[in-house]
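Notes follow once the structure below has been shown.
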Amino acid sequence: MTHNYRGRIAPSPTGYLHLGHARTFWFAMERARSEKGILIYREEDLDSNRCRKEYSEAAIEDLDWFGCEWQEGPDKAGMKQPYRQSERMPIFLKAWKQLKEQGLIYPCEKSRKEIRTASENIQNTDLEPIYPEAWRPSSDVADNIDSPEGYNWRFKVPLDRKIDFHDENLGPCQFYSGKDFGDFLVWRKDGIPSYELAVVVDDIAMEISEVVRGEDLLISTARQILIYEALGATPPRFYHAPLVVDSSGDRLSKTYKSMSLRELKQAGHSPEDLRTSEAWWSGIEDSLET
Ligand code: GLU
């Protein structure tokens, strides 16, 4: 048994947490516990337009009520040593610089709409829009730029490369860069790193040995593996947990106020009830009464 397991839970304070979050975080906690490891609480609060202090405080309170425990990050009673991405800009900028110096990222002035339209002309619209290869600028375009400011920056993905990884829950997974996803954002024009970059830089800095998160982020793992390689780091293990869905198969989102942990609490459910409920085991929220 390994004793240096380091896991993390990484909520974004953009809404109240729901049962799906609680279940993923519970898995993360149990896996850390069974390895006698450490669980870190990291708040992913880079997007100041969407994140609210109220949700940040509510998440800590709700997870504490639910019985989740972590060893590093915000103290349940107050704010001991919070890890907030918004306070960690220097390490993200350092990674941006490293990627730029390797010629792996480029500034992009195309709008999302332009990319969608161009992509629809060449492929099935169900797939995520792929940034056209022909639009990549010449390789020296970023040479004289020394700050990410003012541009969207994209990672130049290898074309048609198979990215294989083993998921601890789902088994072998594979994606093709350039086909399943194209050049993705690493830095946003509004001045913050993208989710993909920030999460990798932080998981490296915090020496995370296993990432436990929702299955909706499976394809992100393939993108993130490319960033790990570019930064010369070894990816952690991954465990993608099944999502809680409604009876029509749609995933829950934090906008589902009715299934927030606080509403479930108000409706009289105890954490034990919830963890033994059909919703918990079946992953179907409609089996739970509010
Ligand atoms: N902050 C992300 C979310 O709330 C989680 C990202 C991750 O675990 O990698 O969906």
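Read-outs: derived from the displayed coordinates by stated rules, not from any lab. Just so you know, these numbers come straight off a predicted model, no measurement behind them. Using ideal geometry, Cβ is built from the backbone for each residue, glycine included, and neighbour counts are taken over all protein chains shown.
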Label 7 Å along Cα→Cβ of ASP64; region 19-46 residues with amide nitrogen under 20 Å? 19, 21-23, 25-26, 29-30, 39-45
Hey, rough spin-label estimate for GLN71 and GLU149, points 7 angstrom out along Cα→Cβ, what's it come to in nanometres? 4.2 nm
For the chain, give the magnitude of the charge dipole about the Cα centre (Cβ charges: +1 Lys/Arg, -1 Asp/Glu; no others), in debye to the nearest 20. 520 debye
Here the FRET efficiency for ASN169 versus SER34, based on Cβ atoms and R0 = 22 Å and rounded to 0.05, is 0.95
Which residues qualify? For GLY214, with a placed amide H closer than 5 Å and at least 5 residues away or on another chain, they are ALA241
Put a dot 7 Å past each Cα toward the Cβ at LYS162 and THR234; how far apart are the dots in nm? 2.4 nm
LYS110 to LEU218: extension gain in nm, 0.36 nm per residue of separation minus the Cα-Cα distance? 36.3 nm
Amide H neighbours of ILE9 under 5 Å, at least 5 residues apart or on other chains, H built in the peptide plane: list them. ILE40, TYR41, ARG42
Suppose R0 equals 30 Å; then what is the FRET efficiency for SER139 and ASP180 from their Cβ-Cβ distance, rounded to the nearest 0.05? 0.80
At a threshold of 8 angstrom on Cα-Cα distance, excluding pairs fewer than six apart, so keeping six or more, what relative contact order does region 117-198 reach in percent? 31 percent
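Residue separation times 0.36 nm, minus the C-alpha to C-alpha distance between ASP286 and GLU207: what's the value? Intermediate values should be presented prior to the final figure.
Details: separation 79, 0.36 × 79 = 28.44 nm, distance 3.80 nm.
That works out to 24.6 nm of additional length.
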Full extension between SER270 and ASP250 adds, at 0.36 nm per residue less the Cα distance, a length in nm of 4.7 nm
Top of GLU114, GLU43, GLU263 by mean-square fluctuation, Gaussian network on the chain, Cα under 10 Å: GLU114
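Going from the alpha-carbon gyration tensor of region 138-290, what semi-axes, largest first and in whole Å, does one get by taking the root of 5 times each eigenvalue? Display every interim value, and only then the final one.
On the way: eigenvalues 263, 71, 43 Å².
For region 138-290, the semi-axes come out at 36, 19, 15 Å.
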Furthest towards positive pole of dipole, LEU39, MET29, SER287, structure part the chain, Cβ charges: LEU39
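Placing unit charges on C-beta atoms (Lys and Arg positive, Asp and Glu negative, everything else neutral), compute the dipole magnitude of region 101-216 about its Cα centre in debye, rounded to 20. Don't jump to the answer; show the numbers that get you there.
Values: 13 positive and 25 negative charges, 110 e Å.
Computed about the Cα centre, the dipole is about 540 debye.
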